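**Q** After the structure tokens below, expect a handful of questions from me.
None of the figures in this text is laboratory data; all of them are computed from the coordinates on show. This is a predicted model, so every value here is computed, not measured. In this analysis, Cβ positions are derived from the backbone assuming ideal geometry, glycine residues included, and neighbour counts consider all displayed protein chains.
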Amino acid sequence: MSVISRGFRGRGRPDANLPPGQYLTRDFPVLSAGPTPRVDPDRWTFTLTTESGERREWSWDEFRALPSETFTVDLHCVTKWSKLGTTWEGVPVEALLDEVDTAADFALAHSYGGYTTNVPVEDLVDGKAWVAYRYDGEELDPEHGGPARLLIPHLYLWKSAKWVNGIRLTDEDEPGFWESVGYHNYGDPWREQRYWGD
Ligand SMILES: Nc1nc2c(c(=O)[nH]1)N[C@H]1C(S)=C(S)[C@@H](COP(=O)(O)O)O[C@H]1N2
Ligand SMILES: [Mo]
């Protein structure tokens, strides 16, 4: 009997891919703190700024010419929905970081519309984060962050800045939009780091 049940994930047992306190959803909810900015790719830029003030900027065409990856990841929102097995295409953040001279430990992502979110640099490298521009085989919808959004799927989804237009590297950690109003500074869904003090 144990042979049959090994690996079986039904019958009320939590899904091994579902962090504590989360439920599964099949649709793709839209969560934005403000209006959806409409960003024309002709005017789109992505700017990487280092702790010493060095700047590297990509136009949309330059950015799209960078080597990309297709990857499948699970998404976990702090409002408790999770969506498993989503497929995206984008540029690994590490490839962008490789273009500048930096020893910074922290990053603040910023977006069209003013949204910001902070993350340690070590969470942006080694295949853990992308600037994504395709979802499920299509160009990314504006509602979900198109033309391009950050994706850091191992952290709660508020860290995945939609309409991202740059990353500022810093020596000191600087809380972003949600982090400065009580959300957890790091946001690991597996440790249920939803709010400050969790
Ligand atoms: N620029 C920007 N990025 C953002 C947000 C936002 O309000 N503005 N909301 C965050 C939150 S709280 C979540 S859960 C996800 C939602 O992404 P989705 O709308 O594609 O589901 O985007 C994150 N990125
Ligand atoms: Mo969220």
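**Q** Given a cut-off of under 8 Å on Cα pairs at least six residues apart, what relative contact order in percent is computed for the chain?
**A** 23 percent
**Q** Using the Karplus curve 6.51 cos²θ - 1.76 cosθ + 1.60 with θ = phi - 60°, work out ³J(HN,Hα) for each residue of region 128-139 in order, rounded to whole Hz, and write x for Gly and Pro.
**A** Residue by residue, region 128-139 yields 9, 8, 9, 9, 9, 10, 10, 10, 6, x, 10, 4 Hz.
**Q** Starting from the Cα of E57, move 7 Å in the Cα-to-Cβ direction to define the label point; list residues of region 170-196 whose amide nitrogen is under 20 Å from there.
**A** Within reach of a label on E57: 170.
**Q** How big is the gap, in Å, between the Cα center of region 59-103 and the Cα center of region 155-181?
**A** 14 Å
**Q** Any idea what % of Cα-Cα pairs in region 5-104 are farther than 24 Å?
**A** The calculated P(r) of region 5-104 puts 50 percent of pairs beyond 24 Å.
**Q** If I model a spin label as a point 7 Å beyond the Cα along the Cα-Cβ vector, how far apart are those points for D42 and D171 in nm?
**A** 4.3 nm
**Q** What's the long-distance tail for region 96-182, i.e. % of Cα pairs beyond 19 Å?
**A** 35 percent
**Q** If eta is 1.306 mPa s and T is 10 °C, what Stokes-Einstein diffusion coefficient results for region 151-193, Kirkwood Rh from Cα pairs, in µm²/s?
**A** The diffusion coefficient I find is 139 µm²/s.
**Q** Right, something else. How far apart, in nm, are the 7 Å Cα→Cβ label points at D188 and T70?
**A** Inter-label distance under the simple model: 3.2 nm.
**Q** Cβ neighbours within 10 Å, averaged per peptide: list 116-125, 165-174 in order, most packed at the top.
**A** Highest-to-lowest ranking by the protection proxy: 116-125, 165-174.
**Q** So which lysines can K162 reach, going by Cα to Cα under 18 Å and dropping same-chain residues fewer than 8 places off?
**A** The qualifying lysines are K83, K128.
**Q** Between V30 and V125, how many nm apart are label points set 7 Å from Cα along the C-beta direction?
**A** For V30 paired with V125, the spin-label model returns 3.7 nm.
**Q** Right, next: Would you calculate, for the chain, the mean residue ellipticity at 222 nm contributed by helices, counting each DSSP H stretch of 4 or more residues as -39,500 (n - 2.57) and dividing by all residues, to the nearest 500?
**A** Computed ellipticity for the chain at 222 nm equals -1500 deg cm²/dmol.
**Q** In units of 2.2 N^0.38 Å, what is the alpha-carbon radius of gyration of the chain?
**A** Taking the Cα Rg and dividing by 2.2 N^0.38 Å, one obtains 1.06.
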